[in-house]
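Report on the structure given below.
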Amino acid sequence: MDDLGFNKIAGAVLATGLGMLLLMKLPGLVMADSGEVIAYKVGPIAVPDGNAAPVDLPFPQQSWVDAMDAAKGAKVFKKCKSCHNVDPGGANGTGPALHGVVGNDIGAVGGFKFSTALTGIEGNWTYEALDAFLKKPSKYAPGTKMNFVGLKKDEDRAAVIEYLRVADASPEVKPSPAAAEGEMMKDGMAPESMEKDAMVDEGTAPDTMEKETMEKKEMIKETMEKVETPE
């Protein structure tokens, strides 16, 4: 076989190979230029370390309001009956009578002498104030004479406060759940940051994908030029 014949065969093989390469790369180029939205897979969201400051939610939350159960509150209140009562016109005991306490002035029950730890606190017994006091009296009013360790469970405090509320002849309006200010951060991370960090495509960021698309275009262009001008 002479050199001309060999060159023709080699050229045909090269053209066939370049044509196959073009067919393999063309679908990716068409999809990149089609205007379709490229889907991103949601990868694992980074969890901040355990030293992140806890997020304080406004009071009361939905779970607290849902736990306002007068029947349960009556059972929990049995711990308090040795010192308090909630009967209309009931007498003071070791502790003050609690009829109408919800919404009443702090440290203001007729005939009962409060410690300065409570008389020195201004304001009324709001739901939040009562919750804080019942959680740990000595923390809410340092120096208080009330010798009670407190109710640790949120649902127990909510239930007792509801029991005290409905015992009043003119009960205060039941509180509504406090709406979080915007979307509260989850685990110390803002929602928009979480979404941004989660947007990845098989571990490839959008700017990297764009770069790869441009490289594909250049490869196709070079392949076409070689097909059109064989040696």
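Would it be correct to say that Lys81 is at pLDDT 60 or above, exposed (fewer than 15 other Cβ atoms within 10 Å of the Cβ) and assigned to a helix (DSSP H, G or I)?
No; evaluated as a whole, the condition is false for this residue.
Taken over the stretch 108-139, the criterion of being aromatic (Phe, Trp, Tyr), buried (at least 17 other Cβ atoms within 10 Å of the Cβ) and farther than 23 Å from Glu162 by Cα is satisfied by Phe114 alone. State all residues of the stretch 84-107 that are under 23 Å from Gly143 (Cβ atoms), surrounded by 13 or more Cβ atoms within 10 Å (Cβ to Cβ) and of a type in the set (Val, Ile, Thr); if no residue qualifies, say none. Listed by number, the residues that qualify are Val101, Ile106.
Taking the stretch 99-146 as the range and being within 20 Å of Val86 (Cβ to Cβ) and among the aromatic types (Phe, Trp, Tyr) as the test, the residues that pass are Phe112, Phe114, Trp125, Tyr127, Phe133.
Scanning the stretch 111-148 for residues that are hydroxyl-bearing (Ser, Thr, Tyr) and assigned to a helix (DSSP H, G or I) returns Thr116, Thr119, Tyr127, Ser138, Tyr140.
The values are calculated or read from the model by the stated rules, or taken from the named source; none is laboratory data. Since the model is a prediction, treat every value here as computed from it, not as a measurement. As a convention, Cβ positions derive from the backbone with ideal geometry for all residues, glycine included, and neighbour counts pool all protein chains shown.
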